[in-house]
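The values are calculated or read from the model by the stated rules, or taken from the named source; none is laboratory data. Just so it is clear, the model here is predicted, and its values are computed rather than measured. Here Cβ is always computed from backbone atoms with ideal geometry, including for glycine, and neighbour counts include all displayed protein chains.
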Amino acid sequence: MAGKPRVVILGGGAGGSELASQLGSDGACDVTLVDRQAAHLWKPRLHEFAAGTIDSTLSELSYYMLGRMRGFRFEQGEVRRIDPAAKTVELDGPDAPDGFRPGPRRIAYDTLVVALGGVTPDFGTKGVAEHAVRLDERQDADRFRSRFVAAMIAAREKGRPTRIVIVGSGATGTELAAHLRQVEQAFFQPQNGGKKGLLKITLAEAAPQLMPGADETLRADVKARLHALDIETVTDAKISEITADSVKSADGTEYPADISVWAAGLVGNPCLKEIADFELDKKGRIVVDQHLRSSLDPNIFVFGDAASFTPEGEDMPLPPTAQCASQQADYLADALPKIIRGDEPEPFVYDDKGRLLSLARAGSVGMIGLGRKSDILVKGQFANAAYKSLQRRHQWTLLGPVRGGLAIFADMISPAKGAQLKLHG
């Protein structure tokens, strides 16, 4: 691969992994993907890992294996610093269980792509770091699931329901609540008449309405479905503190909680302000131009949850979603080779295809965009198929037509289609 332009991609999330797979399989560039973790996880399903409703043959995929299949090199480690002048990235780690840690090392690049994602901020709220679970990565989901299983067993034995309070009514909060209700049935004891009432779920939102920013029709439908699942929803709940056994709001209301989940929004990864002198927006995301270039250096591109891109004529940056990251990955897969050759590609244009939610046994629901027509509310089998198609497309892009098609077929014929309580890592 000597002599090929060196493209280094920092972050193997939904967008970074797709870009590495597309550029690597093309073969025109020497591609290196960097990530702290050894395996890729489709993050939009993280709430399912947390709840235990896993149903996929592609739950996780080794970056090392994916790199061999798709023609890129994988480097596991944590990004410490970018040196634009020297065109190098300094990495450290990863840590081994016995304490061994590889020394710092540098990777050279000609073109750098930053896709280090985002995190859930605590907004300075007291007790979040100590007592709440945030679903930012696989370890968070595993931690939640372990606590949830222990709490549900205790609830069954003691006869008092497990109380879970989820702060934030975006996709993560609403979907997690619905999937937890589905998993509850795994703890019923048929010999005792299928005792129910083992789980009390409260969804707290600081805004005046659930799912702020969502279409009113979708919001009303989701609220009705949550009500049907006996999930309590509370609005105007500005949370001031999380304790070991409660969630407190600024007006003095206290919600008892055996487990608290903090799912209140998304900001840029805090490391973005440390690794280089990037221009950041108020949410800590790197500001990019119409070609997803950073203002720091024309050879550094940023996309996905790490990027702040405001389309022409708009007032707000694009939302941090997997849909947006995937479209930007497709754009860069086509644009970067052109830019490297000295050509000027067309600007990135976002095509909003709508918003979809999977609410477990309450069904899938969402708003689908129809070109220039108004969005329409979709439900039932169509919405469920559309929701699943997002990951199907991701599988296809990562694995290629043959392997991706086989993975999709295996998922479709899998006999495990209900709640699968996963009690191990």
Here is a check on your reading of the model: is residue 43 out of contact with any Asp or Glu (no Cβ under 6 Å at 6 or more places or on another chain), in contact (Cβ under 8 Å) with a residue 12 or more places away in the chain and in the same structural domain as residue 334 (by TED's automatic domain parsing)?
no
Residues that are over 24 Å from residue 300 (Cα atoms) and not in a loop (DSSP other than H, G, I, E, B): does segment 25-38 have at least one?
no
So residue 90 ticks every box in (1) surrounded by 17 or more Cβ atoms within 10 Å (Cβ to Cβ); (2) touching a residue at least 40 places away in the same chain (Cβ under 8 Å) but one. Which box is left unticked?
(2)
Looking at 186, 132, which one is in contact with a Phe, Trp or Tyr (Cβ under 8 Å, 6 or more places away or on another chain) and small (Gly, Ala, Ser)?
132
Residues of segment 87-117 being part of a loop (DSSP other than H, G, I, E, B) and closer than 12 Å to residue 299 by Cβ, which ones?
87, 109, 110
Any residue that is free of Cβ contacts under 8 Å to residues at least 60 places away in the same chain and either more than 25 Å from residue 140 (Cβ to Cβ) or more than 17 Å from the chain's Cα centre (by Cα) (or both) - is there at least one of those in segment 297-306?
yes
Given the condition in contact with a Lys or Arg (Cβ under 7 Å, 6 or more places away or on another chain), modelled with pLDDT of 95 or more and of a type in the set (Gly, Ala, Ser), answer yes or no: does some residue in segment 24-34 qualify?
yes
Which pairs have Cβ atoms under 9 Å, sit 6 or more apart or on different chains, and link a residue in segment 325-349 that is without any contact (Cβ under 8 Å) to a residue 40 or more places away in the chain and of a type in the set (Phe, Trp, Tyr) to one that is surrounded by 16 or more Cβ atoms within 10 Å (Cβ to Cβ) and in a loop (DSSP other than H, G, I, E, B)?
331/291; 331/292; 331/303; 331/348
Lone unmet requirement of (1) under 25 Å from residue 323 (Cα atoms); (2) modelled with pLDDT under 95 for residue 229:
(1)
The listed residue being hydroxyl-bearing (Ser, Thr, Tyr), in contact with a strand residue (DSSP E or B) (Cβ under 9 Å, 6 or more places away or on another chain) and outside the structural domain of residue 24 (by TED's automatic domain parsing), out of 294, 249, 308
249
Tell me yes or no: at least one residue of segment 137-150 is aromatic (Phe, Trp, Tyr), under 30 Å from residue 288 (Cα atoms) and touching a residue at least 40 places away in the same chain (Cβ under 8 Å).
no
Quick count over segment 139-174, residues being modelled with pLDDT under 95, of a type in the set (D, E, K, R) and crowded, with 19+ Cβ neighbours inside 10 Å, is 1
Test residue 321 against the criterion of being out of contact with any strand residue (DSSP E or B) (no Cβ under 7 Å at 6 or more places or on another chain), surrounded by fewer than 23 Cβ atoms within 10 Å (Cβ to Cβ), closer than 18 Å to residue 11 by Cα and among the polar types (S, T, N, Q), and give yes or no.
yes
